[in-house]
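I have placed the structure first, in the form of structure tokens, so that the comments after it can refer back to it.
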Amino acid sequence: MAIIEVDGLVKRYGDHTAVDGVSFAVEHGEIFGILGPNGAGKTTTVECIEGLRTRDEGTIRVCGIDPQRDNGELRQMLGSQLQESELPDKLQVGEAMELYSSFYRNPADWHELIDMLNLAEKIDTQFRHLSGGQKQRLSIALALVGNPRVAVLDELTTGLDPQARRDTWDLIEGIRDRGVTILLVTHFMAEAERLCDKLAVIDSGRLVALDSPAGLVARVDGRQRVRFRPSAPLDHAVLTALPEVTSVERAGGQLVVTGRGNLLLAVTTALARNQVVAADLRVEQTSLDDAFVALTGRPIDA
Amino acid sequence: MSALTRLTATETRLFFREPMLVFFALAFPPIVLVVLGSIPAMREPNASFGGMRVISLYVPIIVVMGLAMFANSLSQLFATYREKGVLRRMRTTPVRPGVMLGAQLLMSTGLSVVTMLVVLAIGRLAFDVGLPRQLPAYLVSYVLAALAVFAIGLLVAAIAPTGKSAGATASLLFLPLMVFSGLWMPRAGMNDVLRRISDFTPLGAGVQSLQDATAGHWPQPLHMAVMLGWTIVAGGLAARYFRWE
């Protein structure tokens, strides 16, 4: 049974329909991504799931509970990390953890969480003196302190430097390995591609696709490109004769071979037969970015 | 530890990390009393106040001023928490939002009682002002006054968009209320019109009730009704307009 079920969710603000008939289901133990440009309705969707907003239409069940009718039971099982929410400036990391532990029936060992999130040396540091990355890690720790079954992480890595972002990704995988289902809101393709088992692509409040990252890419275009510098002149016909190849082009000293299926194996085998070595060999696959453009008609950050 | 106790303890710790709040809420009222009491004329019986010593009129005024200081910091704190998303963050946890309110009220009441005790002690020891003779009446008056003043503070917090504007609004509101409580001219020296207005203000009613209890009587029903009225109206409006984000 799905741990989160959203069916026909509609949320309006006045005349503006922020979420327009979105449906999806998240399975236990998944990292489920909600991907879309800013203002697409991602945050509104998860806020309805968290029970922070009242939906206009549709049904939502999280662990079998309707967030709108929750009497506190759901909040025992759902940990949230919100965009743009802070703690009191002068609250220390350890005090925040202790305080939030007291809100839950079966809290996690917060010292262990703090260790896992590399905040152990910051226990006595006040919130206002933490760096952006440390604040984010603390907010993850707070989302997990109640031992939740589901964690909602909203734009977790926005504003982090690339290294901190990669560290955070490792961490999220670690959390999933502890058996927590994760609902991840993001507008970073690389993040979605790296972390998510399944993705809901949302654009202008509508669900435009629901698939695994690889499935989305494959659905849009199975094409690949192989690019290399041949060690000796090569008759293009050798390559165009291969069933996998659709076209061969010359770009400077390089050949660009476009095709489908097991293109790389077919090309390298043909080259070996003709005693040609492929230098600077690169395989370019359709990326999630390409898939997003094909699905919505524009790049994500446009 | 339960969420309420833990929150109250944490909020109290945070309160003591704000030197300005600590000064105005805890230290300022006793300082005002000491300054006033060090003026010799204040310690003399005064015919225009019915032969009472002025300093003994000021003790209840300063106790009520202490309450207003706490209400002011309460409104700022709450509005700041909303502005910064602290309350929103808390809404995603099983703790009921009202628990946060309860913790703040517990802390403000507890600490304001400390201020009250310090003011009474200084009045007694340094300036020979009598302690309340009718203790239950004094406590009832004090609780009613605290409820009314804190309800107004919460109403300001509910309406003000930011922490800063909450502070400014509360100061603007409490200044005239302090005037009617007798901070500049004790009620005994006010003319009939001013005193009549003062009867209907929360601080004026509070000061008179504390004074009556100090003298050994139960407060007038009018003043108790006025304080209850302010609590119900301001508290009701605060609950009606309160937003968590």
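Bridging of A:Lys90 to aspartates and glutamates at a Cα separation below 20 Å is possible for A:Glu98, A:Glu121, A:Asp124, B:Glu11, B:Glu18, B:Glu83, once same-chain residues fewer than 8 apart are set aside. About the centre of its Cα atoms, the protein assembly as shown shows a dipole size close to 1240 debye [charges on the beta carbon of Lys, Arg (+1) and Asp, Glu (-1) only; nearest 20 debye].
Could you tell me whether the range A:120-181 comes out rounded, prolate or oblate from its Cα gyration tensor? Rule is a ≥ b ≥ c as square roots of the eigenvalues, rounded for a/c under 1.5, then prolate if a/b exceeds b/c, otherwise oblate. Verdict is oblate for the range A:120-181. Find how many whole Å separate the alpha carbon centroid of the range B:124-154 from the alpha carbon centroid of the range A:53-123. Centre-to-centre (Cα) distance: 40 Å. The distance linking the range B:186-236 with the range A:141-180 is 56 Å (Cα centroid to Cα centroid, whole angstrom).
The GNM of chain B, with springs linking C-alpha atoms under 10 angstrom apart, assigns the highest mean-square fluctuation among B:Gly189, B:Gly50, B:Gly163 to B:Gly50. Ordered by the count of other Cβ atoms within 10 Å of each Cβ, fewest first, B:Ser112, B:Ser2, A:Ser212 give B:Ser2, A:Ser212, B:Ser112.
Just to be sure I understand: with springs between alpha-carbon atoms less than 10 Å apart, which residue in A:Asp70, A:Asp154, A:Asp289 has the highest mean-square fluctuation in the Gaussian network model of chain A? Judging by the Gaussian network model, the answer is A:Asp70. For the cross-link pairs A:Lys11/B:Lys84; B:Lys84/B:Lys164; A:Lys42/A:Lys135; A:Lys135/B:Lys84; A:Lys122/B:Lys84; A:Lys42/A:Lys198, the ones whose C-alpha atoms lie over 19 Å apart are A:Lys11/B:Lys84; A:Lys42/A:Lys135; A:Lys122/B:Lys84.
Which helices, counted as full DSSP H runs in chain B, have an axial Cα extent of no less than 15 Å and a Kyte-Doolittle average of 1.6 or above? Within chain B the helices that satisfy the rule are B:97-127, B:135-159. Projecting the Cα positions of B:Val179, A:Phe103, A:Gly146 onto the charge dipole of the protein assembly as shown (unit charges on Cβ atoms of Lys, Arg, Asp and Glu, taken about the Cα centre) puts B:Val179 furthest along the positive direction. Against chain A, whose longest principal axis comes from its Cα atoms, helix A:162-177 is set at around 70 degrees. Compute the helix-to-body angle for A:263-273: its Cα long axis versus the longest principal axis of chain A, expressed 0 to 90° and rounded to tens. Helix A:263-273 sits roughly 30 degrees off the main axis of chain A.
Maximal additional length on extending the B:Phe28-B:Thr12 stretch stands at 3.9 nm, based on 0.36 nm per residue less the C-alpha distance. Shielding by partners for peptide B:82-92, expressed as the average number of C-beta atoms from other protein chains within 10 Å of each residue's C-beta, is 6. The Cα trace of chain B gives Rg and Dmax of 18.2, 61 Å, the first to one decimal, the second as a whole number.
Normalised by 2.2 N^0.38 Å, where N is the number of residues, the alpha-carbon radius of gyration of the range A:45-119 equals 1.30.
Under a 5 Å amide H cut-off, with hydrogens placed 1.01 Å from N, A:Val152 pairs with A:Gly79, A:Ser80, A:Gln81, A:Leu183 among residues at least 5 apart or on other chains. Database remark: amide H of B:Asn46 closer than 5 angstrom to the amide H of B:Gly51, B:Met52, B:Arg53, B:Val54 (H placed geometrically; neighbours at sequence offset of 5 or more, or on other chains; Pro and chain starts carry no H). Among the residues of A:80-86, the average count of other protein chain beta-carbon atoms within 10 Å of the residue beta-carbon is 5. A protection proxy built from the mean count of other Cβ atoms within 10 Å ranks the segments A:96-106, A:252-262, most packed first, as A:96-106, A:252-262. This model, with +1 at the C-beta of Lys and Arg and -1 at the C-beta of Asp and Glu, gives chain A a dipole about its Cα centre of some 800 debye. Legend: mean number of C-beta atoms from other chains within 10 angstrom of residue C-beta atoms, peptide B:94-106, equals 2.
Under 1.5 on a/c is rounded, so check that first for the range A:223-285, then, if it is not, pick prolate when a/b is larger than b/c and oblate when it is not; a ≥ b ≥ c are the square roots of the alpha carbon gyration tensor eigenvalues. Judged from the Cα gyration tensor, the range A:223-285 comes out rounded (a/c under 1.5). Relative to the Cα centre, the charge distribution of the range B:3-241, modelled as +1 at Lys and Arg Cβ and -1 at Asp and Glu Cβ, gives a dipole magnitude of about 780 debye. Among B:Ala79, B:Ala121, B:Ala68, the residue with the largest mean-square fluctuation in a Gaussian network model of chain B, with springs joining Cα atoms closer than 10 Å, is B:Ala121. When the P(r) of the protein assembly as shown is calculated, the portion above 30 Å amounts to 62% of the C-alpha pairs.
Specify which residue in the list A:Leu74, A:Ile4, A:Leu199 is farthest towards the positive end of the charge dipole of the protein assembly as shown, using unit charges on the beta carbon of Lys, Arg (+1) and Asp, Glu (-1), about the Cα centre. After comparing all options, I get A:Leu74. Proximity of backbone amide H atoms, modeled 1.01 Å from N, is registered between A:Asn147 and A:Ala108 at under 5 Å, excluding neighbours fewer than 5 places apart on the same chain.
Coordinate-derived values only; no laboratory data. If you're wondering where the values come from, they're calculated on a predicted model, not measured in any experiment. Note that each Cβ is placed from the backbone with ideal geometry, even for glycine, and that neighbours are counted across all protein chains shown.
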